[in-house]
Amino acid sequence: MKRMSGAAFDAYWQALSKGREDGGLMATVQDIISQVRRDGDRAVWRFTRQFDQGSPETLEVPPKLVQEAGEQFKQAEPELVAALETAAEHIRDFAGCQKAQFVNFEYALAPGLFTGQRVIPVQRAAVYVPAGRFPLISTVLMGVIPALVAGVAEVMVSSPPLATGLPDRRIMAAAHLAGVRRVFAMGGAQAIAALAIGTETVPRADVIVGPGNKYVAAAKRLLFGEVGIDLVAGPTDVLIIAEDQADLIAADMLAQAEHDPEARARALVPSPVLADQVLQRLEARLFGLPTAAIAKASLDAGGLMIIYQSKEEAIRIANAIAPEHLELHVAEPEAWVPHLNNYGSLFMGKGAVEALGDYAAGINHTLPTSGSARFTGGLSVRHFLKTLTTLRCTPGPGYDQACEAAERIARAEGLMAHAESVLSRGAGNAPCGEAEVSIV
């Protein structure tokens, strides 16, 4: 765990931010994509046998097995199913509120000139669900439900096969609970490639969402443009701005650190005394924690305790870090909000624990990492919606004025066919403006 003053932060952060892209990783993933593009299912099978725990009989899990997993789940773990249903209801309600902000409209920009937009869903979306150290059951809900609320006609789930040759049964059950019937036993970069390109068995998705390891992230980065994605995720992170209560700070730092040795837990505290108390509580809480080895490795590698001198300094540092999760353990969090611009999700007050956002509070837990909150937000309904613009014209002075302006701009750019196209319209199909056009 590193410890430093706010004054020392800038130099530290500048050095840390000069990371280099792993060229070897990108080359490996590009080769996987190329082989899937060339060989389809056969390439996915090869990489599945090479990288995953088991080899499935078929890449697509038979729908009957998905249904059975859901039914058995309800009988075996009814309390967990009830918890997932509560989470699903909250996610669905929040996604519905988000969708309500995207509306169709037509606006009379000027007499004769009507502009508008249509908001429609993509046709097919894929949700990738990792199953490395932990089966991320909640990620199924976070990806599937916003897609369904958006109106996507076909939603698929892909998750790596275990030794049984099937994805984790809880993941299949959560998919069934969320309303998905097509599940694929594929993981890693080969799964992303298959979903983006399409194979004999795997239909091509319009959008792929969901977190994953560095190979998954690299595949999404390389295939973006051929397929839509939510974001390129890196190691998960949290930044806690606190004024007191060392035990709460330690609890939330460990909740982040236990994800992965590369997870980053950071805190901004106002005094060396509180910093010492947090470190003591971290040591105490680590004792007996089942995931202590992972959490300790994370804290040793990237844990950070910064002592800030003023509210202004803390805000400046938070905006520079642009954390995935930003917690405000302060007396009046509302007073801080207008000055905080870069975060994936904001947790306001000591009761707004990040784990609620991870699981059951309705907001999405697939969020921008590695500082990308500077320019994007997390997964939401909007990732499954297309905003399509429309233009409708009728005779009128606004239409004539727009035609004249378009014709002049086209001439200025030297695109004479554009100008001729506009001149062939105009009020009553008469040319707009007085300029002559020479056709060569």
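How big is the dipole moment of the stretch 124-258 about its Cα centre under a simple scheme where the beta carbon of each Lys and Arg is +1, that of each Asp and Glu is -1, and everything else is neutral? Debye, nearest 20, please.
It comes to approximately 740 debye.
Report, in deg cm²/dmol and to the nearest 500, the calculated mean residue ellipticity at 222 nm for the chain, where each DSSP H run with n ≥ 4 adds -39500 (n - 2.57) and the sum is divided by the residue count.
On the way: 17 runs with 203 residues, N = 440.
Computed mean residue ellipticity for the chain: -14500 deg cm²/dmol.
Of Val155, Leu388, Ala257, which is farthest towards the positive pole of the chain's charge dipole, taken about the Cα centre with +1 and -1 on the beta-carbons of Lys, Arg and Asp, Glu respectively?
Val155
Report the one residue of Ser345, Gln30, Val180 whose Cα lies farthest in the direction of the positive end of the charge dipole of the chain (charges on C-beta: Lys and Arg +1, Asp and Glu -1; origin at the Cα centre).
Gln30
GNM, the chain, Cα, under 10 Å: largest mean-square fluctuation among Asp41, Asp22, Asp52?
Asp22
Quick one: plug the Kirkwood hydrodynamic radius of the stretch 262-384 (C-alpha pairs) into Stokes-Einstein at 10 °C, 1.306 mPa s, and report D in µm²/s. It would help to have the intermediate numbers written out before the result.
On the way: Rh = 15.7 Å.
The calculation lands on 101 µm²/s.
Per the Kirkwood treatment, what hydrodynamic radius in Å, one decimal, follows for the stretch 152-293 from the mean inverse distance over all distinct Cα pairs?
Values: mean 1/r = 0.0560 Å⁻¹.
Evaluated on the stretch 152-293, it is 17.9 Å.
Taking springs between alpha-carbon atoms closer than 10 angstrom, which of Ala412, Ala320, Ala267 fluctuates most in the Gaussian network model of the chain?
Ala412
What ³J(HN,Hα) values, in whole Hz, does the Karplus curve 6.51 cos²θ - 1.76 cosθ + 1.60 give for the stretch 49-61 when θ = phi - 60°, with x put for Gly and Pro?
Those phi angles translate into 5, 7, 10, 9, 6, x, 10, x, 5, 9, 5, 8, 5 Hz.
Using a Gaussian network model of the chain whose springs link C-alpha atoms within less than 10 Å, name the residue from Met305, Met186, Met142 with the highest mean-square fluctuation.
Met305
Per q in 0.25 Å⁻¹, report the Debye log10 I(q)/I(0) for the stretch 325-385, using one uniform scatterer on each alpha carbon and no solvent.
Each listed q maps to, in turn, -1.13.
Stokes-Einstein at 10 °C, 1.306 mPa s, Kirkwood radius from Cα pairs: D for the stretch 23-230 in µm² s⁻¹?
Values: Rh = 17.9 Å.
Estimated diffusion coefficient is 89 µm²/s.
With charges only on Cβ, +1 for K and R and -1 for D and E, what is the dipole size of the chain about its Cα centre, in debye, rounded to 20? Walk me through the numbers on the way to the answer.
Values: 39 positive and 49 negative charges, 158 e Å.
Magnitude of the dipole: close to 760 debye.
Using a cut-off of 11 Å between beta-carbons, work out the net charge of the residues near Gly349 (Lys and Arg +1, Asp and Glu -1, Gly349 not included). It would help to have the intermediate numbers written out before the result.
Numbers: positive: Lys350; negative: Glu327, Glu332, Glu334.
Summing Lys and Arg as +1 and Asp and Glu as -1 gives -2.
With the cut-off at 14 Å, report for the stretch 224-277 the share of all Cα pairs above it, as a whole percent.
Working: 848 of 1431 pairs.
Cα-Cα pairs in the stretch 224-277 separated by more than 14 Å: 59 percent.
Sorted from largest to smallest, which semi-axis lengths in Å does the alpha carbon gyration tensor of the stretch 146-196 give for its equivalent ellipsoid, taking the root of 5 times each eigenvalue? Walk me through the numbers before you get to the answer.
Working: eigenvalues 79, 45, 9 Å².
They are 20, 15, 7 Å, listed from largest to smallest.
Give the dimensionless ratio obtained when the Cα radius of gyration of the chain is divided by 2.2 N^0.38 Å.
Numbers: Rg = 26.1 Å, N = 440, 2.2 N^0.38 = 22.2 Å.
Taking the Cα Rg and dividing by 2.2 N^0.38 Å, one obtains 1.17.
What ranking, highest mean first, results for peptides 148-159, 388-399 when packing means the other Cβ atoms within 10 Å averaged over each residue? Kindly include the intermediate steps, with their values, before the conclusion.
Numbers: 148-159: 22.1, 388-399: 13.2.
Going from most to least packed, we get 148-159, 388-399.
No value in this document is a laboratory result; all are computed from the given coordinates. Just so you know, these numbers come straight off a predicted model, no measurement behind them. Methodologically, a virtual Cβ is constructed for each residue, glycine included, from the backbone with ideal geometry; neighbour enumeration extends over all protein chains shown.
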